[in-house]
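We did not get these values from a lab; they are worked out from the coordinates using the rules stated. The structure presented is a predicted model; accordingly, all values stated were derived computationally and were not measured. Please note: Cβ atoms are built from the backbone with ideal geometry, for glycine as well, and neighbour counts cover all protein chains shown.
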Amino acid sequence: MHHVPCLDCHFCRRGSFTMCEGFKEFGFDPTGYAEYTRIKRASRPDRRSQAAGFGGLRRGVSHRAVSALVSAVRRSRVSVTDTVLVMGSGFIGIIAVQLFRIFGSGLVVVVDNVPEKLEQAKRHGADVVIDRDRENVFSRLREVNEGRRADVVFNTAPAIQAAEESVALAEKGGAVVQFGGTSPHESIPIMPYEFIKSELSFIGVYSGSHIDANVVLSLLARKRLAVRDLVTITFRWSG
Ligand SMILES: [Zn+2]
């Protein structure tokens, strides 16, 4: 675990583990691709993750982003009749598609402008893909979704325009989950009246807790999450 909550502060006691001050400290020193690293006692892999084959450093897997995705999908409160729109079909977007399928969702639509990435999204469970360079996202979404916008808009794109567009693409009573990290200096205009009238939620997700990480390890161990063909580069260990 890169990040471990203290389990003793105000935030941990209310289950908001990723807001714990201790959680924000890195459990490894140094980080990155160092041959050796020191690991804080609390960050050491447990027997369960070792059994799943993800314990040792040599076969280490960074599940941090996927844990955050589990947290994000949970917090979207998606249900089986919800139409989900995933903005961005990179690694994050494709794992999100799989997780929405696992947690239970209705139609899953993915938006991107790279045809190969959209094909990959289809292989991983997207019902409909929209190439934003060739199609109008709004009209195509309405066309495939009985004239409605999406109940959950899951935005993985870091561009600020995508955040604004995500709000516009969310249906009444729905939620926008902001996952892509935008610049801290950028903002979008929000009309509180629209949020009241439409009962919209805008949900920010910073990271996943040890509970979400446990879900990820379980899904990987049971091979319910397909990650192998998402690997873009492999390093040979020469140590
Ligand atoms: Zn804490």
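Hey, could you grab the Kirkwood Rh for the stretch 128-192? Inverse mean 1/r over distinct alpha carbon pairs, Å, one decimal.
Mean inverse Cα-Cα distance, inverted, gives 12.6 Å.
Select from Glu194, Glu21, Glu135 the residue whose mean-square fluctuation is largest in a Gaussian network model of the chain (Cα-Cα springs shorter than 10 Å).
Glu194
Taking the alpha carbon gyration tensor of the chain, what are the square roots of 5 times its eigenvalues, largest first, to the nearest whole Å?
Those come to 32, 22, 16 Å.
Can you put Leu69, Leu219 in order of Cβ neighbours within 10 angstrom, beginning with the fewest?
The order, fewest Cβ neighbours first, is Leu219, Leu69.
Of Tyr206, Gly125, Leu169, which is farthest towards the positive pole of the stretch 123-239's charge dipole, taken about the Cα centre with +1 and -1 on the beta-carbons of Lys, Arg and Asp, Glu respectively?
Gly125
Using the beta-carbon distance between Ile39 and Arg101 and R0 = 25 Å, what value does 1/(1 + (r/R0)^6) give for FRET efficiency, to the nearest 0.05?
0.15
State the extension gain, in nm to one decimal, for the chain segment bounded by Arg123 and Glu186, taking 0.36 nm per residue of separation less the distance between their alpha-carbons.
19.3 nm
Rule-of-thumb check for the stretch 77-124: C-alpha Rg over 2.2 N^0.38 Å?
Relative to the 2.2 N^0.38 Å estimate, the stretch 77-124 comes out at 1.05.
Listing Met1, Met87, Met191 from the residue with the fewest other Cβ atoms within 10 Å to the one with the most, what is the order?
Met191, Met1, Met87
Would you be so kind as to identify which of Pro189, Asn113, Thr81 lies farthest towards the positive end of the dipole of the stretch 72-204, taking Lys and Arg as +1 and Asp and Glu as -1 on Cβ and the Cα centre as origin?
Checking the options against the dipole of the stretch 72-204, the answer is Thr81.
Using the Cα centre of the chain as the reference point, and only Cβ charges (+1 on K/R, -1 on D/E), how large is the resulting charge dipole? Debye, rounded to the nearest 20.
1200
Rounded if a/c is under 1.5, else prolate if a/b is larger than b/c, else oblate: which is the stretch 72-204, with a ≥ b ≥ c the root eigenvalues of its Cα gyration tensor?
Cα axes put the stretch 72-204 in the rounded bin.
Where in the chain are the DSSP H helices whose alpha-carbon span along the long axis reaches 15 Å or more and whose Kyte-Doolittle mean is at least 1.6?
Helices meeting the criterion: 91-103.
Determine the gain in length on full extension of the stretch Glu116-Thr81; use 0.36 nm per residue of separation and subtract their C-alpha separation, reporting nm with one decimal.
Extra length available between Glu116 and Thr81 comes to 9.8 nm.
Given the -39500 (n - 2.57) contribution per DSSP H run of 4+ residues, what per-residue ellipticity at 222 nm results for the chain, rounded to the nearest 500 deg cm²/dmol?
Per the formula, -9500 deg cm²/dmol.
Using DSSP, restrict attention to beta bridges with both residues in the chain and report what percent are antiparallel, rounded to the nearest 5.
In the chain, DSSP labels about 10 percent of beta bridges as antiparallel.
If you build a Gaussian network model of the chain, linking Cα atoms that sit under 10 Å apart, which residue out of Gly90, Gly22, Gly180 swings the most?
Gly22
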